[in-house]
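The values are calculated or read from the model by the stated rules, or taken from the named source; none is laboratory data. Everything numeric in this text was worked out from a predicted model, so none of it was measured. Note that each Cβ is placed from the backbone with ideal geometry, even for glycine, and that neighbours are counted across all protein chains shown.
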Amino acid sequence: MSKTQPAAAVRALAACGQRAFGENYVQEAVAKQADLADLPLEWHLIGPLQSNKCREAAEHFDWLQSLDRLKLVAPLARHRPPARAPLNVLVQVNVDDEASKSGCRPEEIGTLAAAVAAEPRLRLRGLMAIPAPAPERERRRAAFARMLALFDALRAEHAEIDTLSMGMSDDFELAIAAGATMVRVGTLLFGARAT
Ligand SMILES: *Cc1c(COP(=O)(O)O)cnc(C)c1O
């Protein structure tokens, strides 16, 4: 995760072989991408997406990890440039955090996934979650386990999905043990973010 990090820091990490970078905000990412256009990087958008940003999201990213509502699907598909591969999409699930507004409810996954799978310009890849920060490991482990169950259930309907994105700097090992296929690590790679 390279949000808040300057392009130079991304470039330094890319020189070490890191290829995929995640950003929370379209504007911030697009500026960085312009500075780094000479590098073969893969950009992931992982943050609340407003409908009026669907066009830029579809034009400038390889993955959208935070699809959480149906009304975004058609504009994303419509704006995906024909010259680019289909946009990879993860459905974001609000697995345990009632206070958070981002992520769909588990019972909405099927509808969202089916809508993505029906769009040739989008490619359904799986699920993403940001479990509530919990000091107790057991609570996080339980959230990760619920995500794996949701992922397995979705794969029974969409055999092509291959990505379960969960785990950050302080719990990526727990997430991998629980079945994550992609982790999102910021602080451990870049150092602490300026606040
Ligand atoms: C910033 C961010 C991360 C990484 O967090 P760290 O604790 O710095 O590793 C992971 N996922 C999302 C969605 C983020 O915004």
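Assorted remarks:
- Counting only residues that are surrounded by fewer than 15 Cβ atoms within 10 Å (Cβ to Cβ) and at pLDDT below 95, segment 133-187 holds 7 of them.
- When ARG80, ARG125, ARG140 are checked against the criterion of being under 13 Å from the mean Cα position of the chain (by Cα) and among the charged types (D, E, K, R), ARG125 stands alone in meeting it.
- Against the list (1) more than 21 Å from ILE109 (Cα to Cα); (2) within 16 Å of the ligand (Cβ to nearest atom), the condition VAL89 fails is (1).
Residues are listed down the side, and each one gets a yes or a no for (1) over 28 Å from ALA118 (Cβ atoms); (2) charged (D, E, K, R); (3) more than 14 Å from the ligand (Cβ to nearest atom); (4) crowded, with 21+ Cβ neighbours inside 10 Å:
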{"residue": "SER2", "(1), (2), (3), (4)": "yes, no, no, yes"}
{"residue": "GLN5", "(1), (2), (3), (4)": "yes, no, no, yes"}
{"residue": "ARG11", "(1), (2), (3), (4)": "yes, yes, yes, no"}
{"residue": "CYS16", "(1), (2), (3), (4)": "yes, no, yes, no"}
{"residue": "GLU42", "(1), (2), (3), (4)": "no, yes, yes, no"}
{"residue": "GLU56", "(1), (2), (3), (4)": "no, yes, yes, no"}
{"residue": "SER66", "(1), (2), (3), (4)": "no, no, no, yes"}
{"residue": "ARG69", "(1), (2), (3), (4)": "no, yes, yes, no"}
{"residue": "LEU72", "(1), (2), (3), (4)": "no, no, yes, yes"}
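- Among residues of segment 153-195, those that are part of a helix (DSSP H, G or I) and either of a type in the set (A, V, I, L, M) or away from the ligand (no atom under 14 Å from the Cβ) (or both), counted: 11
- Residue that is nearest to the ligand (Cβ to nearest atom), among those in segment 22-35 that are farther than 14 Å from LEU64 by Cβ and crowded, with 18+ Cβ neighbours inside 10 Å: LYS32
- Residues of segment 76-100 satisfying the condition of being assigned to a loop (DSSP other than H, G, I, E, B) and in contact (Cβ under 8 Å) with a residue 40 or more places away in the chain: ARG80, VAL95, ASP96
- Filtering segment 169-195 to residues that are among the basic types (Lys, Arg) and within 19 Å of LEU148 (Cα to Cα) leaves only ARG184.
- Exactly one residue out of PRO131, PRO135, PRO120 is under 25 Å from ALA192 (Cα atoms), part of a loop (DSSP other than H, G, I, E, B) and more than 14 Å from the ligand (Cβ to nearest atom), and it is PRO135.
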